[in-house]
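First up is the structure itself, then whatever we jot down about it.
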Amino acid sequence: MTDKTSDSRVPLTVLGTGAMGTALVRAWLAAGHPVTVWNRTPARAEALAAEGAAVAPSAAAAVAASRLVIACLLDDASVGEALDGADLTGRDLVNLTTGTPAQGRARAAWATARGARFLDGGIMAVPPMIGDADSGGYVFYSGSPELFEEHRDTLAVPAGTRYVGEDAGFAALHDVALLSAMSGMFAGIMHAFALIGPEDIAPKDFAPLLVSWLGAMTGSAHLAADQIESGDYGKGVVSNLAMQVAGNATLLRTAEEQGVSPELLTPYTALMERWLAEGHGEEDTSGMVELLDLRRGGA
């Protein structure tokens, strides 16, 4: 037995109509899917009602309306609170609420114990990218492979889909790993703009150079991955650790000369110095991943 309409537009429920939830609902409505919505603050769902969504009076009623239930709430605790008392038997719960890998795994066990299949998701997009096929936005999914395969087409309506494994924590792990890398990049961008700040250099003129340079450098992730997987941190080295540590002195001195705090650089330069002190000067910097792994006795 399936929950499909005659033209395969699957009815679904969305819990949470904040900025992201609203964008998701609008994408599914535009594609012709019957959508039931619920929000803790009912007024926030009124606009969607005018656009064709059915507004449920409670989360339990919203869950009862559809087999496929999408949660896009504030945090993991909000998911538990919203679904407390709802009958999840036979439901397919897809959690698009931002959380940690451990929370994803725990929520999967929680849902399974209540008779539901479960997928966790990590949205790699901002609301304006949802429903735009050319935006490049996508969602990581992990958990029940059967659920994902059955609802793949429906899940692909708002954004691209990338299934990353049966371990329910993997979607959040991929999400946070990419966001963490982005945070490091943003730190570097802010430091670069701070360095040119005192000079007669227009940030808008400098930005294209920054984008081009960072774009060229991101390809180094492929070499780092190869080195980490093989355990050979000296493989294909172009600029070894000793050379880079020596170069750091120039980076830090320039920050001092420009009156810029080095606080965005020093955690990384300190890690490099520690790895060098352990005798890895001829290797690449990728070996520093071992210093970050607390399970291996790292930092």
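The values are calculated or read from the model by the stated rules, or taken from the named source; none is laboratory data. For clarity, every value in this text was computed on a predicted model and none was experimentally measured. Because the Cβ atoms are built from the backbone with ideal geometry, glycine has one as well, and the counts that use them run over all protein chains shown. Heavy atoms of the whole protein, side chains included, go into the accessibility calculation; ligands, DNA and RNA do not. Shrake-Rupley method; radii C 1.70, N 1.55, O 1.52, S 1.80 Å.
Would you calculate the separation in nanometres between label points at residue 211 and residue 112, each defined as 7 Å from the Cα along the Cα-to-beta-carbon direction?
Between residue 211 and residue 112, the simple spin-label model gives 4.5 nm.
In degrees, nearest 10, range 0 to 90: what is the angle between the Cα axis of helix 19-30 and the longest Cα principal axis of the chain?
The angle comes out at about 50 degrees.
Over the stretch 1-157, what percent of the accessible surface lies on carbon and sulfur atoms, probe 1.4 Å?
About 53 percent, which is the carbon plus sulfur part of the accessible surface.
At 222 nm, what value in deg cm²/dmol follows for the chain if DSSP H runs of at least 4 each add -39500 (n - 2.57) and the sum is divided by all its residues, to the nearest 500?
So the helix-based figure for the chain works out to -14500 deg cm²/dmol.
Please find the FRET efficiency linking residue 87 to residue 178, where r is the Cβ-Cβ separation and R0 is fixed at 35 Å, and quote it to the nearest 0.05.
For R0 = 35 Å, the calculated efficiency reads 0.50.
Distance between the C-alpha centers of the stretch 130-203 and the stretch 50-121? Whole Å please.
Cα centroid to Cα centroid, the span is 22 Å.
Once you put a point 7 Å from the Cα of residue 263 and another 7 Å from the Cα of residue 152, both along the Cβ direction, what distance in nm separates them?
For the pair residue 263/residue 152, the computed spacing is 4.8 nm.
Tell me, what HN-Hα J-couplings in whole Hz come from the Karplus equation 6.51 cos²θ - 1.76 cosθ + 1.60 at θ = phi - 60° for each residue of the stretch 226-231, using x for Gly and Pro?
5, 5, 5, 5, 7, x
Once you mark the GluC sites (Glu not before Pro) that are in a DSSP loop and have at most 15 other Cβ atoms within 10 Å, what is the longest gap between them in the chain?
It works out to 52-165.
Give the relative contact order (percent, whole number) for the chain; include only Cα pairs under 8 Å separated by 6+ residues. Mind showing how you got there, number by number?
On the way: 464 pairs, mean separation 33.5, N = 299.
Over the chain, the number comes to 11 percent.
Can you send over the carbon and sulfur percentage of the accessible area for the stretch 186-275, probe radius 1.4 Å, protein chains only? Working shown, then result.
Values: 3740 of 5860 Å².
Answer for the stretch 186-275 is 64 percent, counting heavy atoms of protein chains only.
Rolling a 1.4 angstrom probe over the protein heavy atoms, how many square angstrom per residue are accessible across the chain? Don't jump to the answer; show the numbers that get you there.
Details: 15730 Å² over 299 residues.
Per residue, the chain has an accessible area of 53 Å².
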